[in-house]
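The values are calculated or read from the model by the stated rules, or taken from the named source; none is laboratory data. Because the structure is a prediction, the values reported are computed rather than measured. No Cβ is skipped: glycine too gets one built from the backbone with ideal geometry, and neighbour counts run over all protein chains shown.
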Amino acid sequence: MRLDSTAEGVVVVTLNRPQRKNAFDADLISAMEEAFSTLHAQEHVRVVFVRGAGGMFSAGADLEWMRAAADRSEADNRDDAFQMAKMLKALWDIPALTVALVEGGAFGGGAGVAAACDLAIATADAKFSFSEVRLGLVPATISPYVVQAIGPRAARGLFATARTFDAAYAEKIGLVTEVVADAAELNKAMDRVIDHILSCAPGAVADSKRLVHDVYGHRIDHGLMDMTAHRIAAARVGEEGQEGVRAFLERRKPSWAQG
C-alpha cells in the first residue's frame with residue numbers, strides 16, 4: 001500500500017499489489033486499517049482518494065490467502081475477518097470526504113471498499129461482482145456498506161447470483177456515483193472533486209457526514225427535529241459558520257478556501 005499527500009490536504013491511498021491485481025491479504029488489510037485510522041486525527045486532510053495500482057482497483061481476496069484460511073480454525077478465520085471489518089469501519093469513519101477511483105474492476109472486498117467511500121467514480125469499462133457464493137462463502141464483512149449503498153433488494157440479488165455487472169449498472173443501483181470514459185477522465189474527475197472540496201469548510205464536511213448517519217432511518221419526530229435545530233444553531237455560532245457567512249457578505253473567499 002502507498003500513501004501520498006499534499007500540503008493542501010489531498011491524500012491518495014493506493015492499493016499497491018499490481019502483480020496480484022491488488023487483491024487483499026492480511027498485510028494489505030492491516031496497512032489499510034492503519035492508514036485509515038491515522039487519517040481520523042489529521043485535521044488538515046480535506047479529501048481521501050482510494051485507488052488501485054496498475055489499472056485495477058481490486059480483485060477481492062487473494063487466492064493464496066484464502067487457500068491458507070481454509071486450513072485454519074473457525075476462531076482464526078473469525079480473527080482474520082474481523083481485521084477486514086475493522087479496516088472498512090476505519091475507512092467509513094474518516095471525517096474527510098472519501099472517494100473510490102475504480103478502474104479495471106472491483107470484486108468482492110474491492111467492491112466493499114468502494115461502497116464504504118462517500119463517493120465512487122468508475123471508468124466505463126470497470127466490472128463489479130460479489131462472487132463469494134460461487135465459492136460457498138458469503139460477503140459478510142462488506143455487507144453493511146454495500147446494503148447502505150444499494151439497498152437490500154439489489155444486495156440480495158447481487159449477493160445471491162454472484163453475477164458480474166458493469167459500471168453503468170453499478171451507477172444505476174448506487175454503488176457508483178459517477179461513470180467516466182477512461183483513466184484520463186478519471187484523473188480529471190479527481191481534480192474536479194479536489195476543486196469542490198477545497199472550497200468547503202472541513203469541519204462542516206465532517207459534521208455533515210455525521211448528520212447523515214444520525215438522521216438516516218430515524219422517524220421524523222420532535223426529538224429528531226430538536227436535534228437538527230441544535231445542529232444548525234451550533235454551526236451558525238461556530239467559528240466556521242461565522243467566517244463563512246462573513247466571507248459571503250463581504251464577497252471574499254473564506255479562510256479555508258484554496259485556489
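When Ala184, Ala229, Ala189 are checked against the criterion of being touching a residue at least 12 places away in the same chain (Cβ under 8 Å) and aliphatic (A, V, I, L, M), Ala189 stands alone in meeting it. Helices (runs of 4 or more DSSP H) fully within the range 55-151 that include at least 1 residues being basic (Lys, Arg): 63-69, 74-92. For the range 167-181, the candidate set comprises residues that are part of a loop (DSSP other than H, G, I, E, B) and closer than 16 Å to Val113 by Cα; within that set, the residue that is farthest from the chain's Cα centre (by Cα) is Gly174. Ala90 meets all of the listed conditions (1) closer than 22 Å to His196 by Cβ; (2) crowded, with 16+ Cβ neighbours inside 10 Å; (3) not polar (S, T, N, Q) but one, namely (1).
Per this entry, Ala69 is counted among residues that are aliphatic (A, V, I, L, M) and modelled with pLDDT under 95. Just one of the listed residues (Ser208, Ser199) is surrounded by 11 or more Cβ atoms within 10 Å (Cβ to Cβ), under 27 Å from the mean Cα position of the chain (by Cα), small (Gly, Ala, Ser) and not in a loop (DSSP other than H, G, I, E, B), and it is Ser208. Candidates in the range 127-157 are the residues that are among the small types (Gly, Ala, Ser) and in contact (Cβ under 8 Å) with a residue 12 or more places away in the chain; of these, the one that is farthest from Tyr216 (Cα to Cα) is Ser131. Exactly one of these conditions fails for Asp80: (1) exposed (fewer than 15 other Cβ atoms within 10 Å of the Cβ); (2) modelled with pLDDT under 95. Give me its number. Result: Asp80 fails condition (1) only. Of the numbered criteria (1) in a helix (DSSP H, G or I); (2) out of contact with any Ser or Thr (no Cβ under 8 Å at 6 or more places or on another chain); (3) surrounded by fewer than 16 Cβ atoms within 10 Å (Cβ to Cβ), the one Glu185 fails is (2).
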